[in-house]
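The values are calculated or read from the model by the stated rules, or taken from the named source; none is laboratory data. Bear in mind that the values here come from a model prediction, so they are computed numbers and not experimental data. Don't worry about glycine lacking a Cβ; one is built from the backbone with ideal geometry, like all the others, and counts go over all protein chains shown. Heavy atoms of the whole protein, side chains included, go into the accessibility calculation; ligands, DNA and RNA do not. Shrake-Rupley method; radii C 1.70, N 1.55, O 1.52, S 1.80 Å.
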Amino acid sequence: MGKLKVHELAKELGLESKELIKKAKEVGIEVTSHLSSLEEEQIQKIKNIFNEFLLLIILCFNSIILFRK
């Protein structure tokens, strides 16, 4: 995969760069702007965080649907 710029990864994930920068900083990845480069390990860490978040949303949505039945 190689390196990606913050803005490239943000676009891939459907986010704004500032949202991705905020989340990266929260998990200890230092980035300063949308042009900062991310290493493959950092990219995977960020993707995993957003995948976990998406999974939680899906589980909550499914629970709501089951509750309504």
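Using unit Cβ charges (K, R positive; D, E negative) and no other charged atoms, how large, in debye to the nearest 20, is the dipole of the chain about its Cα centre?
Dipole of the chain, to the nearest 20 debye: 340 debye.
Which translational diffusion coefficient, to the nearest whole µm²/s, is obtained for the chain from the Stokes-Einstein equation, given a Kirkwood hydrodynamic radius over C-alpha pairs, 25 °C and 0.890 mPa s? List each step's numbers first, then the result.
Details: Rh = 13.0 Å.
The estimated diffusion coefficient comes to 189 µm²/s.
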> Anyone know which of ILE43, ILE21, ILE57 comes out most mobile in the 10 Å Cα GNM of the chain?
Replying inline: ILE57
> GLU16's amide H: which non-local residues (gap 5+, or another chain) put their own amide H closer than 5 Å, with H modeled 1.01 Å from N in plane and none for Pro or chain starts?
Replying inline: none
> List the lysines whose alpha-carbon lies under 22 Å from that of LYS45, not counting same-chain residues fewer than 8 positions away?
Replying inline: LYS3, LYS5, LYS11, LYS18, LYS22, LYS23, LYS25
> For the stretch 13-44, which GluC sites (Glu not before Pro) are in a loop by DSSP, counting at most 11 other Cβ atoms within 10 Å?
Replying inline: GLU30
>> Output wanted: per-residue J couplings in Hz (rounded whole) for the stretch 47-54, from phi through Karplus 6.51 cos²θ - 1.76 cosθ + 1.60, θ = phi - 60°, x for Gly and Pro.
In response: 4, 4, 4, 6, 5, 5, 4, 4
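If you count only protein heavy atoms with a 1.4 Å probe, what accessible area per residue comes out for the chain, rounded to a whole Å²? Write down the numbers at each step before the final one.
On the way: 5320 Å² over 69 residues.
Accessible area per residue: 77 Å².
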>> Name the residue from LEU35, ILE65, SER17 whose Cα lies farthest towards the positive end of the charge dipole of the chain, charges +1 on Cβ of Lys and Arg and -1 on Cβ of Asp and Glu.
In response: ILE65
> Carbon and sulfur atoms: what percent of the 1.4 Å accessible area of the chain do they account for?
Replying inline: 58 percent
